[in-house]
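> Quick one: this structure, given as structure tokens, is what I'll be asking you about.
Here, each number is a calculation from the coordinates, and none is a lab measurement. Just so we're clear, the structure is a prediction, and the values are computed from it rather than from any experiment. Glycine also receives a Cβ, built like all others from the backbone with ideal geometry; neighbour counts cover every protein chain displayed.
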Amino acid sequence: MQSLKAGHLDASRWERRLQKELMSLMKEPPPGVEVDGDQAEQNLSLWTVHMKGAEGTLYEGESFQLQFKFSPKYPFDSPEVTFIGSNIPVHPHVYSNGHICLSILTDDWSPALSVQSVCLSIVSMLSSCKEKKRPPDNSFYVKTCNKNPKKTKWWYHDDSV
Amino acid sequence: MVIASEAGPSKSGREKEGSPEEKDDRTFECNICLDTAKDAVVSMCGHLFCWPCLHQWLDTRPTRQVCPVCKAAISEDKVIPLYGRGSTKQEDPRNKVPPRPPGQRTEPENNGGFPGFGFGDGGFHMSFGIGAFPFGFVTSSFNFGDHHHQRPAHGAGRGMALLDEDPFVSKIFLWVAAIFIMWLFYA
Ligand SMILES: [Zn+2]
Ligand SMILES: [Zn+2]
């Protein structure tokens, strides 16, 4: 009863779900996506995913790094997903500090989603981009935002990009 | 742009995953914890979950209750529990809180037949009639929220005592009856 009230799977099930996700992501990664398995196995709550810009898109030839942080409430609570490292994609929904404006990462999160489906959404978000530019409020946002993008009240106004 | 359409959400890569046997196993995985569904329930839209998992999700977003898989409206009283053959066994009580919503069942046409003594399928039935009990215990309408013992009623209400509860209660009743009979003899 306590674990239910706290709103998370008990530790072993939380671990098992992440282990299953890790296994399937390592075994059958979506094209251009590669998880750092060793790191994830050492610390299941912090993953790094390497992502390649898809061929035939504005990001072809580039590579990016995504960081996933899982709270103990995962999968009821969405993971915290940011771009990290030296190359943050220039995209209207990606701030220069790596924060991503993507509704499935907050409001539209569902526990049936997974690291894999988040990666696919991000690949697809990048692939459909028509012009490489930062969000219009980038400099203000980056100066004022919380370190955790989930603390941002995102306003999802444009689903097309 | 070909790549973009390939990476779309419609093709999550699930179709091509794993060997056929592996796929079979996955059919009965909970969509939340990814384990074989425990205390399984299915939503009206057909998606399978462990009841504790789904309940936690509904608790997480009380104002926006949607199916985690397809976003259809969902609610506690509209999910259907699934009882597989192995589901009568005792389970970890933590998984029983909160209780799974009951299945909705209508009584079939009364097809009669004395049920006799039944010691099957993990439960314990006891049926007996004694003149000293001029009334029948009609227990088929009781529902104690213990769904692991649900089974069709056996012609209840025909003037015979019928117990269809959990073994503990049945045992107590057996003792009370035995003491009562002894009392009849020795009094
Ligand atoms: Zn589950
Ligand atoms: Zn559904």
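> Projecting each Cα onto the charge dipole of segment A:13-145 (Lys/Arg +1, Asp/Glu -1 at the beta carbon, about the Cα centre), which of A:100, A:85, A:64 comes out farthest on the positive side?
A:100
> Another question, then. Mind checking the alpha-carbon convex hull of segment B:29-81 and giving the volume per residue in Å³?
63 Å³
> No solvent, one uniform scatterer per C-alpha: report log10 I(q)/I(0) for segment A:2-104 via the Debye equation at q = 0.15, 0.16, 0.21 1/Å, two decimals.
Values, matching the q order: -0.69, -0.78, -1.17.
> Quick one: if you stick a label point 7 Å off each Cα along the C-beta vector at residue B:175 and residue A:155, how many nm between them?
7.0 nm
> For the peptides A:54-66, B:61-73, what is the packing order when you average, over each peptide's residues, the other Cβ atoms within 10 Å and list the highest mean first?
Result, highest mean Cβ count within 10 Å first: A:54-66, B:61-73.
> Please sort by residue number the chymotrypsin sites (Phe, Trp or Tyr not before Pro) in segment A:73-161 whose DSSP state is loop and whose Cβ has at most 10 other Cβ atoms within 10 Å.
Here the chymotrypsin sites (Phe, Trp or Tyr not before Pro) that fit, given the DSSP loop and packing criteria, are A:155.
> Which whole number gives the average, over all residues in B:53-65, of C-beta atoms from other chains lying within 10 Å of the residue C-beta?
Partner Cβ neighbours, averaged per residue: 3.
> Please give me the summed charge of the neighbours of residue A:16: other residues whose Cβ is under 13 Å from its Cβ, Lys and Arg +1, Asp and Glu -1.
Net charge around residue A:16: -1.
> Using alpha carbons only, how many degrees (0 to 90, rounded to 10) separate the axis of helix A:11-27 from the longest principal axis of chain A?
Value to nearest ten degrees: 50.
> May I pose another question? Say each of residue A:20 and residue A:48 gets a label point 7 Å from the Cα, pointing the same way as Cα to Cβ; how far apart are those two points in nm?
About 2.8 nm separates the two model spin labels.
> Within a 10 angstrom radius of each residue's Cβ in A:55-64, how many Cβ atoms of other chains show up on average? Whole number is fine.
Counting Cβ atoms of other protein chains within 10 Å of each residue's Cβ and averaging gives 1.
> So how tilted is helix A:115-127 from the main axis of chain A? Cα-based, degrees 0 to 90, rounded to 10.
Between the helix axis and the principal axis of chain A, the angle is about 10 degrees.
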